[in-house]
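*Asks:* Let me give you the structure first, and then I'll get to my questions.
The numbers here are math on the coordinates, done by the rules we state, and not lab data. These numbers were taken from a predicted model, which means no experiment stands behind them. Here the Cβ is made from the backbone with ideal geometry for all residues, glycine too, and neighbour counts use every protein chain on show.
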Amino acid sequence: MGPMFQDEGSSSVTSSPLQLFSMMSLPPSLGSPYPWLKELKSEERGLYLIHLLLTCANHVAAGSLENANIALEQISQLASPDGDTMQRIAAYFTEALADRILKAWPGLHKALNSTRITLVSEEILVQKLFFELFPFLKLTYVLSNQAIIEAMEGEKMVHIIDLNAAEPAQWIALLQVLSIRPEGPPHLRITGVHQQKEILDQMAYKLTEEAEKLDIPFQFNAVVSKIDNLDFDKLRVKTGEALAISSVFQLHSLLASDDELLRKKSPLASKNLNGSHLPRVLQINQSTLGELLEKDMVNGHSQSPDSASSSPISLNASAKMDSFLNALWGLTPKLMVIAEQDSNHNGSTLMERLLEALYSYAALFDCLESTVPRTSLERLKVEKMLFGEEIKNIIACEGAERKERHEKLEKWIQRLDLAGFGNVPLSYYGMLQARGLLQGYGCDGYKIKEENGCVVICWQDRALFSISAWRCRK
């Protein structure tokens, strides 16, 4: 057995704990792997699954389909959507890598997906489950509402534009606070933007009912639209009203349009998915990815190199994003609150995105492992219908189709600053409420920290979501 692990088309890597496993890869003639694979302990199996995923991704990026198929077959022996954290993650990353391979044959890919139906009721359900199973949205709503209440103090006409009007809980809570405002409640108008009319109809019904109960003058304006082709005239912003804008997990999708333009201008850009990155990546990551599993949920996750080294602060030119932020600035909001996934899932290469996504989704799956039984149907639905679809989009898609372009907080700060917005630090009282909510949640793994006047929500030490407030600079 040689001292080095070597992949096709790559240089050798220093020997590692994975060396033994890498040398035991099986030729395609053997079919399924040896029975010893089934007897691996959880940490060993997790390490081997990471190794197989990286190897498979390298083969997919290099166009080596036969080798990719062998790796996929081996992963399928160990991965499971109802197993431990790493088994579950591997199941969805495997599906994403297989989907990327199938996209090379558009006819086959379309045929296999032609009868797929996504019901609006399922979309509503999975968003509700995400709201209930995690504290992320609740924390976002608590911090956002406190910032809005402070900004709107004394205002008689308040207009809120919700760019992701899917969950009425935030605005029901706001209505309840406004109803006991010392100076009396304002006249409140909420404009909800969402691509599903049924979701907006539900939102309108629940908020109108709550406003009537609390005797608050209220209007709901529904705008059925995706944000990338939003007609700003339909937002009906009026003179004399104080405007707040809320964007929860929406802005990153605007980065997709520009990538498609760049790809058309430079066809070679999309070729930068070769396997030559794997040796460097493995050299840096084998120990940290191993620690990720060994530490499990007790000590948290090591920061991935992708977050630090291969995510430069410099921004790519983004015409669509610039245009959208300029249009928001033109509405002169008194306050704008933005929540985004705090991850670097917008790398140009498949390997970059796969590594960063492994870390981020390992943390999210660990959250569920710590708080929800493995047999829970609700957990399975969130993992498959929400996280599984996001992973597939990050790994399998390119160009305008790749919408899940999550970026780190520092990039959003720079982007918003260039668009003419100034940061509004989230208040002490808002942080107090958020910390109280987390304490009542009964799970030590969740943490919130302040960063440049913004808030980052973490699982252990892994940043997962950011919340920031902004105003127009004069």
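*Asks:* Explain nothing, just compute: Karplus ³J(HN,Hα) = 6.51 cos²θ - 1.76 cosθ + 1.60, θ = phi - 60°, for every residue of the range 161-176 in order, whole Hz, x for Gly and Pro.
*Replies:* Whole-Hz 3J(HN,Hα) from phi for the range 161-176: 9, 9, 7, 9, 7, 10, 10, x, 3, 4, 7, 5, 4, 5, 4, 5.
*Asks:* Expressed in nm to one decimal, what extension gain is obtained for the pair TYR205 and ARG181 from 0.36 nm per residue of sequence separation less their Cα-Cα distance?
*Replies:* 6.3 nm
*Asks:* Now a separate question. Would you pull out the residues with amide H under 5 Å of THR191's amide H, same chain only if 5 or more places away, H placed 1.01 Å from N?
*Replies:* Under 5 Å from the amide H of THR191 lie the amide H atoms of ILE160, ILE161, ASP162, ASN221, each far enough along the sequence or on another chain.
*Asks:* In µm²/s, what is D for the range 350-474 at 37 °C and 0.692 mPa s, where D = kT/(6 pi eta Rh) by Stokes-Einstein and Rh is the Kirkwood radius from Cα pairs?
*Replies:* After rounding, the answer is 197 µm²/s.
*Asks:* So which of LYS110/LYS403; LYS320/LYS381; LYS128/LYS197 end up more than 25 Å apart by C-alpha?
*Replies:* Pairs exceeding the cut-off: LYS320/LYS381.
*Asks:* Rounded, prolate or oblate: which fits the range 334-412, taking a ≥ b ≥ c as square roots of the Cα gyration tensor eigenvalues, rounded meaning a/c under 1.5, else prolate when a/b beats b/c?
*Replies:* oblate
*Asks:* How much length would be gained if the chain were fully extended between LYS234 and LYS103, taking 0.36 nm per residue of separation minus their Cα-Cα distance, in nm to one decimal?
*Replies:* Numbers: separation 131, 0.36 × 131 = 47.16 nm, distance 3.70 nm.
Stretched out fully, the LYS234 to LYS103 stretch lengthens by 43.5 nm.
*Asks:* For ASP444 and LEU40, what is the calculated FRET efficiency with R₀ set at 25 Å and r taken between the beta-carbons, to the nearest 0.05?
*Replies:* My answer for the efficiency is 0.30.
*Asks:* Separate question: Starting from the 7 Å offset along Cα-to-Cβ, what nm value, one decimal, do you get for the label separation of GLU198 and ASN69?
*Replies:* Using points 7 Å along Cα→Cβ, the separation is 4.0 nm.
*Asks:* Mind checking which lysines have their C-alpha under 26 Å from LYS41, skipping anything on the same chain fewer than 8 residues away?
*Replies:* Candidates past the 8-residue exclusion: LYS295, LYS384.
*Asks:* Too long at a 30 Å Cα-Cα cut-off: which of LYS138/LYS408; LYS156/LYS206; LYS156/LYS411?
*Replies:* Flagged as over cut-off: LYS156/LYS411.
*Asks:* Reachable aspartates and glutamates from LYS103, Cα under 14 Å, same-chain residues fewer than 8 places away excluded?
*Replies:* The qualifying aspartates and glutamates are GLU95, GLU398, GLU401.
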